[in-house]
1. Would you check which residues across region 117-143 are surrounded by 13 or more Cβ atoms within 10 Å (Cβ to Cβ), assigned to a loop (DSSP other than H, G, I, E, B) and free of Cβ contacts under 8 Å to residues at least 24 places away in the same chain and list them?
2. Report, by residue number, each residue of region 58-94 that is touching a helix residue (DSSP H, G or I) at 6+ places or on another chain (Cβ under 8 Å), more than 13 Å from residue 129 (Cα to Cα) and assigned to a helix (DSSP H, G or I).
């Protein structure tokens, strides 16, 4: 047994193992083997940065919201989104009037959505002419088109 510094080594002679005189003497150093094993355990793999983890979590949250929105419907997922399309209907009716489109103004049905519709309903489906001439809908500002005469 040989003690050198921090390494405890055993001398493995060829005479003990085999009578072959050409084999070399081998030192078995227990402490160096233990040190090598400790170094293997201390090695760390490539870790994820905090930014990468945050981005992964945000990506998963966005995917879950998208999946729920398309499967359950956006009205259930995001009820705070405006359910009012009065401005869109007003713009569509003004466009139909200025372009002299009789069909778009008199025949094409539009779905008006607002929280305070007459009758307590959430939406009404009718034409621009109906919304413009019916006094119950005058508060929404859809104007009568004087250049188009709708057939009865």
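Every read-out reported here was derived from the displayed coordinates using simple, explicitly stated rules and does not represent laboratory data. From a predicted model like this one, the values you see are computed outputs, not experimental measurements. Neighbour counts run over all protein chains shown; Cβ positions are idealised from the backbone, glycine included.
1. If the condition is that a residue be surrounded by 13 or more Cβ atoms within 10 Å (Cβ to Cβ), assigned to a loop (DSSP other than H, G, I, E, B) and free of Cβ contacts under 8 Å to residues at least 24 places away in the same chain, then 117, 127, 134 are the ones that fit.
2. Residues satisfying the conditions are 65, 68, 69, 77, 86.
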